[in-house]
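Heads up, the thing below is written out as structure tokens.
All of the numbers you see were taken from the coordinates with simple rules; none came from a lab. Being a predicted model, the structure only gives us computed values, none of them experimental. Cβ placement follows ideal geometry from the backbone for every residue including glycine, while neighbour counts extend to all protein chains displayed.
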Amino acid sequence: MILVSYRTVRITELMAYEFGQVEGGFNELNESELKTAIPSGMGFKAFMEQLKQGHLVLLTDSPSTPMLISESGAMGGARTWALNSQATDNLEPAAQNALLARTRMSGSSAGYSRSKSLHPPLPMPTYIPEPPRPDYSDEPPKLKYEYSFEIACSPDSVRKAGNCHFILTKTKNEVELGRWAETKTEHGTRYTIQTAFDEPKRLVAQVASRPMGISPTHPVKVRNIGAQVASEGFIPVTPTVQLGERLGFPTEGFYYHFHDRQLVQEYRLLGDKRWNFYATLSWHQRLDPERGYNTNQSAILVFWKLGGKVVENQYLVYLERQITRDELDSLTDDWLNEHGVKLDIPQLLEATKHPIIQRTEAAKPAEQKQPEPVNHIVQTDPETGTRETWTKIANQYGLAPKALLDLNPQYDADPMSLSVGASLNVQKPQPQRIEKESVYEIPPESPKRFNQPLNTFYGYTGYCLADSSIVSISNERLVEKDIPVVNLKILSTESKATDYGKLAFLALPASTAGSNLGIVSTNTTSTLGKWSISGEALRSFARVGGGLITALWPSQLGDGTLEGNPEFATSDTTTMRVRFNMYTDENGKQQIVGIKTGEGSAYGDRVAKREAVQQGQHFIAELDNGITITWTPDGSTDVLTPDTVLPENDQLDVHNIWVRPIEEHEQEIGTVLYPEEDLAEYIITFPADAGLSPLYLVFSKPKVKPLEVGTYGELAPRSKKDGMDIDHIPSFKAVEKWATSDGQPLTAKELAELKKATHGIAIPHEVHKECSRTYGGRNQPEQSTVDSQDLRKAAQKDMEAIALCLQEHGYSQEEIEYSFDELHKLNEESGIYD
């Protein structure tokens with residue numbers, strides 16, 4: 001705190017050199033600040049009344065609001081003194097007259113005259129004035145020196161953030177200073193003022209003419225004019241707190257600025273969902289939460305440098321209630337870090353220089369299609385034998401004649417020119433109804449301690465973040481581009497999955513024979529369209545009753561961008577800020593969780609990328625393991641309704657999915673999530689001219705089951721480290737010889753495709769090794785040649801060879817026969833049975 005000393009004199013004893021020291025803002029001072037100036041035996045209220053009536057005058061070396069303002073006389077005349085219009089309301093008219101009269105009696109000319117009537121003065125203690133000093137005001141001293149300080153932002157941002165201003169206090173030698181000159185610098189603005197004397201001076205930060213705790217406590221040094229050296233500097237910061245993936249503005253509680261474990265300033269938030277704040281009367285030795293300044297602020301000024309050295313050991317703290325005396329008397333680094341953040345000056349200076357992340361434009365809502373016009377062909381009226389009248393036609397369609405004419409402006413000039421056989425429009429255009437979807441976006445990058453302000457705002461429907469009094473930073477206008485945003489406290493790291501974009505859970509109904517996916521839950525209607533799945537996933541999903549697919553249109557990817565990023569365009573993988581995983585609960589139901597990735601996460605953030613190809617109105621993405629996803633953006637009319645999809649999962653809601661670190665999920669649910677290798681996870685990109693944002697898909701790879709049949713390409717990728725082998729029946733060697741029996745050899749690529757297309761059965765490795773007639777070296781060339789001549793017969797031999805072993809491993813005869821019959825059907829359909 002800056003301690004200002006005051007003294008009191010009778011107005012009749014006021015000296016000329018003291019005119020510039022008269023304090024006009026005495027009404028803003030409290031008793032403790034004036035304790036040393038109140039005459040002995042006089043109460044505070046009586047003292048203030050004496051000041052108002054003009055019996056006494058309050059003096060200080062640096063008045064916050066000078067009562068008298070001096071002006072040089074015209075043509076070299078004597079200096080004149082005038083009352084300061086900002087302070088006259090504090091003096092009674094008679095006191096104003098007496099003060100002006102005193103300036104004339106001391107040899108200076110007043111700006112205007114007043115009567116000299118005063119209330120009778122009260123008895124005063126003996127006052128011994130200081131020796132008179134020569135008044136050289138008529139000859140201003142030559143300006144030889146300058147003082148500079150720096151603020152790391154523009155003057156306009158300082159004004160918007162709280163209108164704090166600085167003064168260089170006057171001295172006995174230098175009673176008047178000019179104005180600050182502003183110069184743009186690398187980090188903000190340098191303020192320079194010229195002086196006449198090389199002597200220690202005080203720099204005071206003020207809000208509404210009252211000194212702030214940020215004012216340096218040490219004297220500052222002036223330099224020769226032109227030095228342009230700013231040894232003191234300050235940085236304004238915007239305080240915020242973190243909820244999930246967003247920063248926001250608290251509206252209840254207090255901010256605290258500490259330096260070397262001493263309270264610099266306490267700020268109180270306005271409350272009632274208002275996020276501005278004001279400085280209180282508190283200082284380290286005394287807590288007083290009352291308003292100390294009549295200006296609200298949106299930024300806090302902190303030290304940058306003092307005496308040419310970068311200031312360290314500064315903290316900003318946020319508390320939902322006022323700090324206690326015990327807490328203030330026993331500050332520790334642990335407590336300060338728990339409730340706030342230690343300021344890193346280099347990082348604060350760099351924050352506003354960080355790249356501004358390019359944002360994707362929100363998709364515009366589709367225009368409502370107008371219905372085809374309805375026309376009326378003008379007929380002959382059977383009652384009159386003439387053409388129908390405008391009135392009669394209008395009545396048929398519930399229109400007024402004037403409204404019908406408005407729909408057909410070609411007849412405005414001559415309505416009577418209407419003739420039989422003419423076509424009239426009789427349908428009003430439908431009004432455009434565009435329903436706005438709620439927006440719950442996240443910023444383009446995860447919150448940091450010190451943030452580039454233009455990377456912190458986000459689209460958000462609602463003034464406050466959900467279930468809180470924290471105001472959302474929902475618009476760029478809420479931050480200043482050159483004031484860093486500081487994350488004081490992480491209130492919660494949890495966020496909702498829907499914060500990350502448009503989300504849908506899809507599934508294939510077990511009762512549906514087709515391949516169309518239905519909606520289990522979604523937070524959007526504008527991007528769903530029609531979905532279908534083919535390949536091994538279709539069979540497996542249908543068999544297990546419709547596996548879940550999570551589809552997310554992310555508002556931003558992990559690097560903050562969706563398009564225009566070279567790394568995203570060329571890499572086979574991309575970064576995700578959220579990924580999804582699954583687990584099976586105690587009731588056997590599949591559940592979905594969101595996994596937070598990024599710094600400090602044990603879960604990777606890279607996801608494979610696949611490009612969809614447009615075929616007409618469809619977009620087709622070929623995934624691994626023979627899976628094909630087809631999406632028709634405008635096919636929403638064919639999408640299955642939620643009540644037909646996974647009725648046992650009717651409580652699965654995208655709005656109830658939390659995003660947390662993986663270890664927190666596993667601790668809460670009491671079970672491990674699916675291993676990453678058991679998930680199919682992709683970012684699907686679309687052709688550049690399609691205007692579609694990338695799509696993130698994840699679903700559980702269906703595991704092969706014992707005795708499951710299908711193509712080798714469908715089964716083999718799903719059978720890893722499960723003790724199963726995929727046994728070709730008939731053997732692939734026999735099929736290869738059958739395919740080349742015309743004498744035309746196959747290329748390596750054709751052989752690979754043929755191998756994936758041939759059919760097999762999943763059997764235990766021990767059965768394959770011990771009983772298969774074609775395992776390893778048992779399938780001699782002579783045998784495969786014979787088998788190739790009758791593949792049905794060869795398949796039957798292969799089945800008979802393993803049937804007994806399968807029974808010995810616990811499989812029933814019915815299960816074995818069912819799988820063999822299915823395998824014969826697949827081979828028959830493929831055309832290898834002649």
- request: May I ask you to compute the full-extension gain from ASP406 to ALA752, defined as 0.36 nm times their residue separation minus their alpha-carbon distance, rounded to one decimal in nm?
  value: 117.6 nm
Inter-probe distance in nm under a simple model that places probes 7 Å from Cα toward Cβ, at ARG291 and LYS52: 2.0
query: Near LYS52, which lysines are there with a Cα under 29 Å away, not counting those fewer than 8 places off in the same chain?
result: LYS35, LYS116, LYS170, LYS172
query: trypsin sites (Lys or Arg not before Pro) within the range 1-66: which are DSSP loop residues with at most 11 other Cβ atoms inside 10 Å?
result: LYS35
field: For the range 709-830: relative contact order, % (alpha-carbon pairs under 8 angstrom, 6 or more apart)
entry: 34
- request: Work out how much length GLU176 to GLN796 would gain on full extension: take 0.36 nm times their residue separation and subtract the Cα-Cα distance, in nm to one decimal.
  value: 212.1 nm
task: Could I have the simple spin-label model distance between THR185 and GLN789, label points 7 Å from Cα toward Cβ, reported in nm to one decimal?
output: 9.8
query: Just how far, in whole angstrom, is the range 39-58 from the range 210-263 if you go by their alpha carbon centroids?
result: 36
Residue order, fewest to most beta carbons within 10 Å, for VAL420, VAL317: VAL420, VAL317
- line: Sorted on mean Cβ neighbours within 10 Å (highest first), peptides 55-68, 297-310 come out as 55-68, 297-310
field: Point-charge dipole on Cβ atoms (K/R +1, D/E -1) for the range 7-110, about Cα centre, debye to 20
entry: 300
query: Taking the range 146-218, which chymotrypsin sites (Phe, Trp or Tyr not before Pro) meet the DSSP loop condition and have no more than 16 other C-beta atoms within 10 Å?
result: PHE197
field: Charged-residue dipole, Cβ positions (Lys, Arg, Asp, Glu), the range 145-232 about Cα centre, Debye nearest 20
entry: 240
- request: Extending each Cα 7 Å along its Cβ direction at LYS721 and ALA688, get the distance between those two points in nm, one decimal.
  value: 4.1
statement: Rounded to 0.05, the calculated FRET efficiency for the beta carbons of LYS589 and GLU664 at R₀ = 35 Å is 0.95
field: By average C-beta atoms within 10 angstrom, highest first, the peptides 227-235, 16-24
entry: 16-24, 227-235
- prompt: For the range 183-269, what relative contact order do you get, as a whole percent, if you take Cα pairs closer than 8 Å and at least 6 residues apart?
  reply: 18
message: If each residue of separation counts as 0.36 nm, what is the full-extension length gain between ALA82 and GLN347 once their alpha-carbon separation is subtracted?
response: 90.5 nm
- prompt: What lysines could a cross-link reach from LYS481, if we take a straight Cα to Cα line under 23 Å and drop same-chain neighbours fewer than 8 places away?
  reply: LYS160, LYS184, LYS305, LYS342, LYS353, LYS448, LYS489
field: Computed magnitude of the charge dipole of the range 709-830 (debye, nearest 20; Cβ of K, R +1, Cβ of D, E -1)
entry: 520
Relative packing of 201-214, 579-592, which averages over residues the other C-beta atoms within 10 Å, highest first: 201-214, 579-592
message: Could you tell me the calculated FRET efficiency between SER741 and GLN617, based on Cβ-Cβ distance and R0 = 35 angstrom, to the nearest 0.05?
response: 0.25
